[in-house]
Amino acid sequence: MGVKEMGGKKKSATKIDTINTRMFVVRDFMDEFYNKTLFQNGKVLNAELTPSQIKSIFAFEEEDKEYPIGRLGKNAKVKRSAITNMVDCLEKEGIAERCRDNGDRRVVRVRLTEKGRTIRSRFIQRRREEVEKIFSKLSESDKRALVHHLEGAYHILRKI
C-alpha cells in the first residue's frame with residue numbers, strides 16, 4: 001500500500017473520529033438538557049402531555065385565536081398530514097376543536113378549547129418555574145453565557 005493510500009485512510013479515520021466525537025457531544029447535551037428540563041427526580045414532568053401534544057399546543061401562537069390547519073403545521077414545523085393527526089389527537093382529548101371559517105365553508109380552522117387553554121397556561125407556568133429554578137443555580141455571567149451559546153446553537157441549527 002502506497003503512502004498516498006495510507007494518508008487517505010488516516011484522513012478518513014480522523015474524519016470518522018471527529019463525527020463520532022460530535023455525535024457524543026450532541027447526545028450528552030441532549031441527555032443533560034432533557035434531564036434538567038423535562039425530568040425531575042427520575043419522573044417525566046407534565047406527564048399529562050405527550051411531546052406531540054406539546055408541539056401541537058404551541059403551534060397556536062395565541063391561545064384564543066383560530067388557525068387554519070396549514071398554518072398550525074407551519075408553526076409546528078411539521079407536514080400537513082402530521083399536523084392533521086396531531087389535531088385529531090388534541091380534538092379526541094378535548095384540547096382543541098375544529099370549526100368552519102365563516103367566510104369560506106371549505107376552510108377548517110382549529111382553536112383551543114377551555115381545557116386546551118388551561119393546559120397550555122399551566123404548562124407555560126411550570127416551564128417558567130423550571131427555567132427559573134435552573135437559572136437560580138447559575139451566576140449572572142453563567143446565565144449570560146448559557147443564553148448566548150444557546151442562541152448561537154439555535155442559529156446554527158436553523159442553517160442545517
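The values are calculated or read from the model by the stated rules, or taken from the named source; none is laboratory data. Here the structure is a predicted model, which is why all the values come from computation and not from measurement. Using ideal geometry, Cβ is built from the backbone for each residue, glycine included, and neighbour counts are taken over all protein chains shown.
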Exercise for review: Give the residues of the range 122-132 that are surrounded by 12 or more Cβ atoms within 10 Å (Cβ to Cβ) and out of contact with any strand residue (DSSP E or B) (no Cβ under 9 Å at 6 or more places or on another chain), sorted by residue number.
Suggested key: Arg122, Phe123, Ile124, Arg126, Arg127, Val131
**Study point:** Selection count where residues are under 11 Å from Arg109 (Cα atoms), surrounded by fewer than 16 Cβ atoms within 10 Å (Cβ to Cβ) and out of contact with any strand residue (DSSP E or B) (no Cβ under 7 Å at 6 or more places or on another chain), scope the range 66-76
**Key:** 1
Point to revise | Leading residue by the ranking (farthest from Thr113 (Cα to Cα)) among those in the range 82-96 that are in contact with a helix residue (DSSP H, G or I) (Cβ under 9 Å, 6 or more places away or on another chain) and assigned to a helix (DSSP H, G or I) | key: Ala82
Review point. Thr50: in contact with a Cys (Cβ under 9 Å, 6 or more places away or on another chain), within 30 Å of Lys137 (Cβ to Cβ), modelled with pLDDT under 90 and surrounded by 12 or more Cβ atoms within 10 Å (Cβ to Cβ), yes or no?
Key: yes
Practice item. Working only within the range 21-46, note down all residues that are at pLDDT below 65, within 14 Å of Val131 (Cα to Cα) and loosely packed, with under 13 Cβ neighbours inside 10 Å. Key: Phe39
